[in-house]
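Participant: One structure coming up, written as structure tokens, with questions to follow.
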Amino acid sequence: MSAPQYQQQPQSQPDTDSAGPRIYSAPALEKAIDIIELLATEPSGLTVSEIANRLVRSISELFRVIVVLDRRGWLHKDAASDRYRATYKLLETAHRATPAQELTHVAAPLMQALSATAMQSCHLVVVNGVEGLIILRQESPGPTGFAVRLGTSIALATNCSGHVLLAFMTEERRATVLESTGTPSDDAASAELDARLAATRERGHERIQSARIAGVSDMSCPIFGYDGQVVAALTVPFLEVIDETPHISADEALLALKSTAVQISQALGWYDPATAPLNPSLSVAAPPKRRRTAS
């Protein structure tokens, strides 16, 4: 994938003559955002001169911005190569500003237990705009495993986790997401995706062969919040073991995955209306019966 191209934008003054909303310019802030967005696509990092070349700006106008971002922990400089890269502070800040912090806090120990049971890795995916974003992962404790990288973005319409997120979100939100992504492109593809999502809702999970890695079958279940809305998809990329290493089957792993997803949902305040009692009883002792006294 080619790196994004940036063009230097002229500094502008607030537009006070037009009837539309005012457009304000904050050059230093825009430079900082450009730098972070650029380095987000370069895991190995870039030098100051490489950043300047990519952003079509001079080193002198970017240097102080880069130094401040480094001092504040948003960037990290490799002393050996002088390359700057984005840090996990981006993800950490996003967690604090969204429900993801509570979600990951609740899910982490349960995902660890799931990986230990299934001897497989697992990861947590949330909707980020019109894409899915992997915000938490747990690697397999076994000698081999397959795991996706934290912070990876996925296409919702073509991914196992994405199918779960689309299937259980509201119709209005799903229509908005699919319209924004431009998929599917024709009526036949749209009908096929609708049928796939309806089947996912009916089963309560999705299970398909990986579209990227041979020998991996993805299985995913929804996680719900206290309001009953889907907040994430918990996914296991299942690797079939062919030697004598102790392992569980894919069907057994799916059962463990479903149980873990329910536990995480319940920890977030969700309950299954189908299993909730119609007349819940109070968790207090019944008052003792009064004896009749002889008159």
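The values are calculated or read from the model by the stated rules, or taken from the named source; none is laboratory data. Note that the structure is predicted; figures quoted are calculated from it, not measured. Cβ sites come from the backbone with ideal geometry, for glycine too, and all protein chains shown count toward neighbours. Just so you know, the surface numbers come from the protein's heavy atoms only, side chains and all, with ligands and any DNA or RNA stripped out. Shrake-Rupley method; radii C 1.70, N 1.55, O 1.52, S 1.80 Å.
Participant: So if we plug the beta-carbon distance of Ala189 and Phe146 into 1/(1 + (r/R0)^6) with R0 = 25 Å, what FRET efficiency do we get, rounded to 0.05?
Facilitator: After rounding to 0.05, the efficiency reads 0.30.
Participant: Can I ask one more? Calculate the FRET efficiency for Ser44 and Glu202 from the Cβ-Cβ distance with a Förster distance of 51 Å, rounded to the nearest 0.05.
Facilitator: On the way: r = 44 Å, r/R0 = 0.87.
The computed FRET efficiency comes out at 0.70.
Participant: Calculate one ³J(HN,Hα) per residue across the stretch 26-40 by plugging θ = phi - 60° into the Karplus curve 6.51 cos²θ - 1.76 cosθ + 1.60, and present them in order as whole Hz with x for glycine and proline.
Facilitator: 10, x, 5, 5, 5, 5, 4, 5, 4, 5, 5, 5, 5, 5, 5
Participant: Here is a follow-up. What are the aspartates and glutamates whose alpha-carbon lies under 14 Å from the alpha-carbon of Lys89, with same-chain residues fewer than 8 places away excluded?
Facilitator: Glu37, Asp70
Participant: Would you work out the charge dipole size for the stretch 23-160 about its Cα centre, treating the Cβ of every Lys and Arg as +1 and the Cβ of every Asp and Glu as -1, and quote it to the nearest 20 debye?
Facilitator: 220
Participant: When all protein chains stay in place, what accessible area (Å², nearest 10, 1.4 Å probe) is found for Val231?
Facilitator: Counting only protein heavy atoms, Val231 exposes about 60 Å² to solvent.
Participant: I've got another one for you. Once both labels are modelled 7 Å past Cα along the beta-carbon direction, what's the Tyr226-Glu171 spacing in nm?
Facilitator: Calculated label separation equals 2.9 nm.
Participant: Given R₀ = 30 Å, FRET efficiency for Lys77-Val216 by Cβ-Cβ distance, to 0.05?
Facilitator: Computed FRET efficiency for Lys77 and Val216 comes out at 0.25.
Participant: For the pair Thr93 and Asp70, how long in nm is the line joining their label points, each one 7 Å along Cα→Cβ?
Facilitator: If labels sit at Thr93 and Asp70, their model points lie 1.8 nm apart.
Participant: Could you calculate the contour length gain from Gln209 to Arg22, that is, 0.36 nm times the residue separation minus the distance between their Cα atoms, to one decimal place in nm? Mind dumping the intermediate values first?
Facilitator: Values: separation 187, 0.36 × 187 = 67.32 nm, distance 4.95 nm.
Result: 62.4 nm gained on full extension.
Participant: Let me ask another. Need one word for the stretch 133-200: rounded, prolate or oblate. Basis is the Cα gyration tensor (sqrt eigenvalues a ≥ b ≥ c); a/c below 1.5 gives rounded, then a/b vs b/c decides.
Facilitator: Verdict is prolate for the stretch 133-200.
Participant: Here's another thing I want to ask about it. Note down the magnitude of the dipole of the stretch 189-270 about its Cα centre, charges +1 on Lys and Arg C-beta and -1 on Asp and Glu C-beta and zero elsewhere, to the nearest 20 debye.
Facilitator: 260
Participant: Once the piece of chain linking Thr181 and Ala250 is laid out straight, how much longer is it, given 0.36 nm per residue of separation minus the C-alpha distance between them?
Facilitator: Result: 21.6 nm gained on full extension.
Participant: Right, next: State the percentage of accessible surface on the stretch 105-248 attributable to carbon and sulfur atoms; use a 1.4 Å probe and exclude ligands, DNA and RNA.
Facilitator: 52
Participant: Take His76, His105 and sort them by solvent-accessible surface of the protein heavy atoms, 1.4 Å probe, largest at the top.
Facilitator: His105, His76
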